[in-house]
Structures are given as structure tokens and as C-alpha cells.
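K.L.:
Below is a structure I'd like to ask you about.
The values are calculated or read from the model by the stated rules, or taken from the named source; none is laboratory data. Since we're looking at a predicted model, the values are computed, not measured. Glycine gets a Cβ as well: all are built from the backbone with ideal geometry, and neighbour counts include every protein chain shown.
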Amino acid sequence: MLDTLLTGGVIRTFDRDRPWAEAVGITNGTISFIGNAADAPPARATTALAGRLLTPGIIDSHNHLLLGFDEEAVSLEGATDLADVRRRIREHAAQHPELSWICAENAVYSVVEGRRPNADDLRGLTDRPIFVTTYDQHSVWLNHAALSALGITGGGAIAWGNPELDGATGEPTGWVTDFYTSAMTRDGLRALQRDIPMYSPDRRYRKLLGSLRMAAELGITTVVEPQVPLAELDLMFRAEAEGEMLSRVIAALYHPIGANGDVRRALRDAVDRAPASKRLRLGPVKLYADDVIEPHTAAMLEDYANRPGNRGAPTLPPAEFLDLFVELDRLGFQIHTHATGDWGVRMVLDAVAAAQSRNQTVDRRHGVVHVECLSPEDLPRFRELGVVAAMQPRHASPDLVAGTWMDNIGEERWDRAWRFRSLIDSGAHVAFSSDWQVGEMDPLVGLFSAMTRAGLSGKDAWTPAERVGLDAALHSYTSAGAWAWHAEQTLGTLRPGAEADLVVWSENLYDLEPQELLEQRSDLTIVAGEAIHDAREEWTAG
């Protein structure tokens, strides 16, 4: 007797022995039957899928749950010009006289044409400090009141970033780089929590809960939070203890740039002492090889197209980075490394090769995150070294990268950008993800973006040779994601004995045009046999 039988739809299993099925049965949280509907055992409960598509649950391999959306901050999502940014901030300040700081999120770099935004661009909106993060969390934009409140005026330093100085006057411009790599250190986070209300533990926890609920609603059954500072690990344990961890969570612990052996021992101790849990797993470690392309801080093999003589810089000298990587590998860590520039990516691949040689380790499945610009010489090394490319389809959309990103790289290198198809065709493991909140969390947006390389309007497809089909994109969100985290025996594939983590989509996605995917949703999300999101009443009513 099955606990639950789901039948009457289209079931994509990603199991090589039985890639498609008519029915799936669940018993005690695991899959106990997969096959033809006529062969299914009796069940205590049956769900009629009515032609819908059922797939393994989505594995989002890079999703910043801790960032979330802050209800007390201004959302600048969709604001493409300075006038709109100023309007939103002015209105928020007027509506919230009780706030000591006006915080905003998701600014794009190109909001001021031809240059970076500065403090003068925020004049006249409020006499209170203004703190704005960019959509990728790598830069911060401050007004003059914030510069003064933080002691930056006059050349003061801050623990959570590097204030940009005007080349002519030496005064701070209001722009701060290297934010996220600095902000998640112990000192950086302590200073943020002291100075910026948006970073208080309670507000961070509320954002985490909102992100977890959103993941469940979107069909995501496993989430990799790629950058958890040791100082915020308690937020994860709290969510689990309070029953708020709906999806499974893999928490990658952050190794700050320049941290010493004490930090590495603390990371190892945190993982070794973590209580056993079916919903929360610690283990990977997050590193940075470089920063990001938009502010010219990613490490490039050749000069930026619009900055002759500037190739950016890695976070550490290559030899130091390699030695650090080898040590972390020796300590038993799987390493999840941010690298956007082609030099940054090469540094990681070189470090993996060195770790395998020096430590004689195998099957670590280290990952390179983003891989925004990839040299042709390095493409086959992902397969050769067993390195995961953890990539975000939405990042390749022209409505996000037109202007600053494209101009910085230069058209002659556009064919190196987000090479999904080339990597998959090479035999590399490509695990898709959202990079929430840098991009929308919705995997349907990711599927659409992978298939079209277009903006959400469906127009202006960019570098179309790297598009992939729906089946390949779904595989990267499921089976490839499970492999990336050493979970291919239990997750990412629908077969007897696997965990019953699955999603029922609102229609059969295989019957739809790419643009129609954006109109769909998850109707039922199940983790270990438990419905964590259930819209069956809505589909019955429809």
C-alpha cells in the first residue's frame, strides 16, 4: 500500500533506465514505485495530475537565502534611470519618517549613463543617510549624509568595503566596491550590524524566512545558500529548530579573503560539530577568486575593452590562492569558488589541478560559480578535472548585461560569455541556479533564459549559440545539481529508493513555447513525501 500515488500526467524522471513514466508512488517519504499507471499498487491517497508535468524537485545550486527582500527597504528592481531611483527613494523617505537610515536594494550599475553613480546623485532626497546595494551585492552607493555618519568623509576606512576616491580631489565619491566579500567577514558584519539597520539579526532572519517560503512556492526542494558567515550560522539553526526550513538547505560556509588557519579550523569544527539533520547540511566552503565585471574588479586575462591597461585583479596573488585552495582541499572541504573573469576561472581550475596532484584527492566536485567569461582553452578542463560549473541562466539576459557588462568585456569576447551549451556538450557538469536575489528565484525564469538568451520580453536574444533546450535545462536544475553536491543517489532523479522530492508544474512544460514558461508555476512541491507548497485546490477549481 502506497502512501500517495501521483498519476495521469507526464513524468520526467531523468533516470536512464526509465526516463519517462505515467505514475509515481511515495511511501514513508521515499519513492516506492515508478512506472505505468496500470501497474501501480493501491494507495491511501491519489493525486490526478490531469496532464501536468511532474519532475524531480528543483535544486538551486546558488541561492542567497540570507539576502532575501527587506520589507523596510526600497526595491529598485526595474529602475533603469536615475530619475526613477530618486523618485522611489524620496517617496520611501517621506512615507517612513521613523527610519534613521533609508536603505535600498537592487540598483543597476548603468543607472547613470557613462559613469558610476555618486553621492551627488542622491542629493536633496532626505537629510538622513542613504545606503543602496547593487543588484549583485558587490557594490554600495551612499549619499553625503551616509559618508559623514560612517566617518568616510576625509578618507576614513570601513570594515565592509573599499570607498572609491575621486582621482582629482581624493575625496570619497559615495561608491564602495568589494562589498560582499568584505561584509561577510566577522569584522565587516559586526560593523554593518552596528551601523546599518538593514543588517540587524532580526531583519536578516525575517529575510531568510521569506526566502525559504518563496523557494517552496517555486518548486525548489534543495537550496544551496552559498555564503553563510560563521557569525550568522545560528540563523540557519534557528530556522531549522522552528520548523521553517521547508526545502532542504546546503549551507556553504564563507572563508574570508586573507583569513588565517584559525578560521579554517573554526570552519572544520563547525562542520564536524553540526547536528545530523535531513533538512540542513553544512560542508562546502565559499571562496572568491575575483570580484565582478561591472566595476572592472573581475580578473581578466586581457585588458578590459574600455579600460586599457586594466585587467582587474584576483582576490589573492595566484600562488597564495592556490596554496589556500590546496589546504582547504586537504582539510576535506568541497570548495565553491566565485569566479567571473576568465583569469579568475583559470585560477580556480589551476588550483583544483594542484589540489588533486598534491593531496591525491579524487571526486571532490569543487565548483566554479558564475563562469561569466570563459577562455576557450579552459573549457575542456571542467570535464577533465571533474569541476562543476554552477551557473545562472538569467545572468546572460541582455536586459541585465547590456551596457556596462557588454561594454567592459568588449564584443570580441562576447562569445566567451555564459557558455552553457558548450560546457554541457563538452561533458562538463553544469548545475543551474538563480543567484537570488541577484536574479529572480523562479526556476521557470531560469529555464526560459537558458532556452532563449533573451530578456523577459523574449526580444534581443544574445549569443544564441549557447542556448540549450528545455530538457537539458531541467537536467541542470535537477540531476546535475544533485551530482554537484554528492547527492545523486537520493536526489535529482525519480527512481525507487530516492527521496520523494518532486514538483508538479501547472502544465506540461514540454508542450509550451519558451515565452509561455513565464506564465506557469509550481502547483505542488514535495520534500521527503511532504507537501511544502500545495495549490491543488486552485487547480481543481480551475
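K.L.:
How many residues are on the phi > 0 side of the Ramachandran plot and crowded, with 23+ Cβ neighbours inside 10 Å if we restrict to segment 348-390?
P.N.:
Residues meeting the conditions: 2.
K.L.:
Moving on to the next point. GLY35 passes all but one of (1) of a type in the set (Gly, Ala, Ser); (2) surrounded by 15 or more Cβ atoms within 10 Å (Cβ to Cβ); (3) on the phi < 0 side of the Ramachandran plot; which number fails?
P.N.:
Single failed check for GLY35: (3).
K.L.:
What are the residues in segment 459-510 that are surrounded by fewer than 24 Cβ atoms within 10 Å (Cβ to Cβ), among the aromatic types (Phe, Trp, Tyr) and either touching a His at 6+ places or on another chain (Cβ under 7 Å) or not assigned by TED's automatic domain parsing to the domain that holds ARG18 (or both), if any?
P.N.:
Within segment 459-510, TRP462, TRP483 qualify.
K.L.:
Here's another thing I want to ask about it. Quick one: in segment 404-425, which of the residues that are under 19 Å from SER449 (Cα atoms) and part of a loop (DSSP other than H, G, I, E, B) is nearest to the chain's Cα centre (by Cα)? Please lay out each step first, then the result.
P.N.:
Here is the first cut: in segment 404-425, the ones under 19 Å from SER449 (Cα atoms) are 405-406, 414-425.
Still in the list and also part of a loop (DSSP other than H, G, I, E, B): 418-419.
Values: TRP418: 15, ARG419: 17 Å.
It comes out as TRP418.
K.L.:
To continue, here is another question. Of all strands (runs of 3 or more DSSP E) completely enclosed by segment 263-376, which ones contain at least 2 residues that are closer than 25 Å to TRP414 by Cα and assigned by TED's automatic domain parsing to the domain that holds THR222?
P.N.:
Answer list for segment 263-376: 335-339, 367-370.
K.L.:
Here is a further query. Has segment 28-40 got any residue that is closer than 16 Å to GLY219 by Cβ, assigned by TED's automatic domain parsing to the domain that holds ALA535 and part of a strand (DSSP E or B)? Spell out how you get there, then give the answer.
P.N.:
Here is the first cut: in segment 28-40, the ones closer than 16 Å to GLY219 by Cβ are none.
No, the conditions are met nowhere in segment 28-40.
K.L.:
Every residue in segment 149-179 that is of a type in the set (Gly, Ala, Ser) and surrounded by 16 or more Cβ atoms within 10 Å (Cβ to Cβ), please.
P.N.:
First, the residues of segment 149-179 that are of a type in the set (Gly, Ala, Ser): 149, 151, 154-157, 159, 161, 167-168, 170, 174.
Across segment 149-179, the qualifying residues are ALA149, ALA159, GLY161, GLY174.
K.L.:
Residue pairs, Cβ under 8 Å, 6 or more apart or interchain, first in segment 381-395 and of a type in the set (Ser, Thr, Tyr), second outside any helix (DSSP H, G or I) and buried (at least 24 other Cβ atoms within 10 Å of the Cβ). List them.
P.N.:
Here the result reads none, with nothing in segment 381-395 linked to a residue that is outside any helix (DSSP H, G or I) and buried (at least 24 other Cβ atoms within 10 Å of the Cβ).
K.L.:
Can you pull out every residue in segment 2-29 that is aliphatic (A, V, I, L, M) and closer than 19 Å to ALA531 by Cβ? Before the answer, list the steps.
P.N.:
Just the residues of segment 2-29 that are aliphatic (A, V, I, L, M), to begin with: 2, 5-6, 10-11, 21, 23-24, 26.
Within segment 2-29, LEU2, LEU5, LEU6, ILE11, ALA23, VAL24, ILE26 qualify.
K.L.:
Please go through (1) of a type in the set (Val, Ile, Thr); (2) at pLDDT 95 or above; (3) more than 19 Å from LEU218 (Cβ to Cβ) for THR540 and return the number of the only condition it doesn't satisfy.
P.N.:
All conditions are met except number (2).
K.L.:
Okay, next question. If you go through segment 134-146, how many residues are modelled with pLDDT of 95 or more and surrounded by 23 or more Cβ atoms within 10 Å (Cβ to Cβ)?
P.N.:
First, the residues of segment 134-146 that are modelled with pLDDT of 95 or more: 140-146.
Retained after the next criterion (residues that are surrounded by 23 or more Cβ atoms within 10 Å (Cβ to Cβ)): 140-143, 146.
Going through segment 134-146 one residue at a time, the tally reaches 5.
K.L.:
Of all residues in segment 1-47, which are under 18 Å from TRP505 (Cβ atoms), in contact with a Leu (Cβ under 7 Å, 6 or more places away or on another chain) and without any contact (Cβ under 8 Å) to a residue 60 or more places away in the chain?
P.N.:
THR7, GLY8, ALA23
K.L.:
Still on this structure, please answer the following. Could you go through segment 426-447 and let me know if any residue there is surrounded by fewer than 23 Cβ atoms within 10 Å (Cβ to Cβ) and either over 21 Å from the mean Cα position of the chain (by Cα) or on the phi > 0 side of the Ramachandran plot (or both).
P.N.:
yes
K.L.:
May I ask you to say which residue of LEU82, LEU99, LEU54, LEU76 is aliphatic (A, V, I, L, M) and either surrounded by fewer than 14 Cβ atoms within 10 Å (Cβ to Cβ) or under 30 Å from ALA500 (Cβ atoms) (or both)?
P.N.:
On the way: LEU82 fails: either surrounded by fewer than 14 Cβ atoms within 10 Å (Cβ to Cβ) or under 30 Å from ALA500 (Cβ atoms) (or both); LEU99 fails: either surrounded by fewer than 14 Cβ atoms within 10 Å (Cβ to Cβ) or under 30 Å from ALA500 (Cβ atoms) (or both); LEU76 fails: either surrounded by fewer than 14 Cβ atoms within 10 Å (Cβ to Cβ) or under 30 Å from ALA500 (Cβ atoms) (or both).
It is LEU54.
K.L.:
Return a yes/no flag: does segment 224-236 have any residue that is touching a Gly at 6+ places or on another chain (Cβ under 8 Å) and either closer than 28 Å to ARG416 by Cα or not assigned by TED's automatic domain parsing to the domain that holds ASP350 (or both).
P.N.:
Taking segment 224-236 as the starting set, the residues that turn out to be touching a Gly at 6+ places or on another chain (Cβ under 8 Å) are none.
Looking for residues that are touching a Gly at 6+ places or on another chain (Cβ under 8 Å) and either closer than 28 Å to ARG416 by Cα or not assigned by TED's automatic domain parsing to the domain that holds ASP350 (or both), one finds none in segment 224-236, hence no.
K.L.:
Applying the selection to segment 269-287, what residues are at pLDDT 95 or above and closer than 20 Å to ALA351 by Cα?
P.N.:
Selection gives PRO284, VAL285, LYS286, LEU287.
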